[in-house]
1. Quick one: is I24 under 12 Å from the mean Cα position of the chain (by Cα), in a loop (DSSP other than H, G, I, E, B) and more than 15 Å from M83 (Cβ to Cβ)?
2. From E82, E86, E62, E30, which residue is among the acidic types (D, E), touching a Pro at 6+ places or on another chain (Cβ under 8 Å) and under 19 Å from W7 (Cα atoms)?
3. Give me the residue from region 16-32 that is surrounded by fewer than 16 Cβ atoms within 10 Å (Cβ to Cβ) and of a type in the set (G, A, S) and, out of that set, farthest from L75 (Cα to Cα).
4. Give the number of residues within region 33-49 that are modelled with pLDDT of 95 or more, surrounded by 14 or more Cβ atoms within 10 Å (Cβ to Cβ) and within 17 Å of R6 (Cα to Cα).
5. Among the numbered criteria (1) in a strand (DSSP E or B); (2) among the hydrophobic types (A, V, I, L, M, F, W, C); (3) in contact (Cβ under 8 Å) with a residue 24 or more places away in the chain; (4) touching a strand residue (DSSP E or B) at 6+ places or on another chain (Cβ under 7 Å), which single criterion is violated by I39?
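The values are calculated or read from the model by the stated rules, or taken from the named source; none is laboratory data. Keep in mind that what you see is a predicted model, and the values were worked out from it rather than measured. Cβ placement follows ideal geometry from the backbone for every residue including glycine, while neighbour counts extend to all protein chains displayed.
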Amino acid sequence: MAERSRWQEIFTRWPASIPKKGIITTTLNETIPFKGFMISGSALLLERSNPDALGARFIILEFPTIALLKYIDPLKTANFAEMGFEGKLSV
């Protein structure tokens, strides 16, 4: 079995204290706002916040295609510590 990517770890260990929503940018520079997700092996199913231009509400992508994850809710150091991050934020 291939080693799990850091993105896969982040989504698999997503803390209950953080809403399952945000914005993903892919390696193809596509921006995907999402309001929920599910995981199946190395695939991530995203529920889009709004349908895209073609009306798609869901998208499945492989973890290696994720380039960036943005959180849209206010968060604190403790939220990220649950995900394995160390240090202190200003909030």
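1. Working: under 12 Å from the mean Cα position of the chain (by Cα): yes; in a loop (DSSP other than H, G, I, E, B): no; more than 15 Å from M83 (Cβ to Cβ): yes.
No, not satisfied.
2. Values: E86 fails: touching a Pro at 6+ places or on another chain (Cβ under 8 Å); E62 fails: touching a Pro at 6+ places or on another chain (Cβ under 8 Å); E30 fails: touching a Pro at 6+ places or on another chain (Cβ under 8 Å).
Among E82, E86, E62, E30, only E82 is among the acidic types (D, E), touching a Pro at 6+ places or on another chain (Cβ under 8 Å) and under 19 Å from W7 (Cα atoms).
3. A16
4. The total comes to 3.
5. (4)
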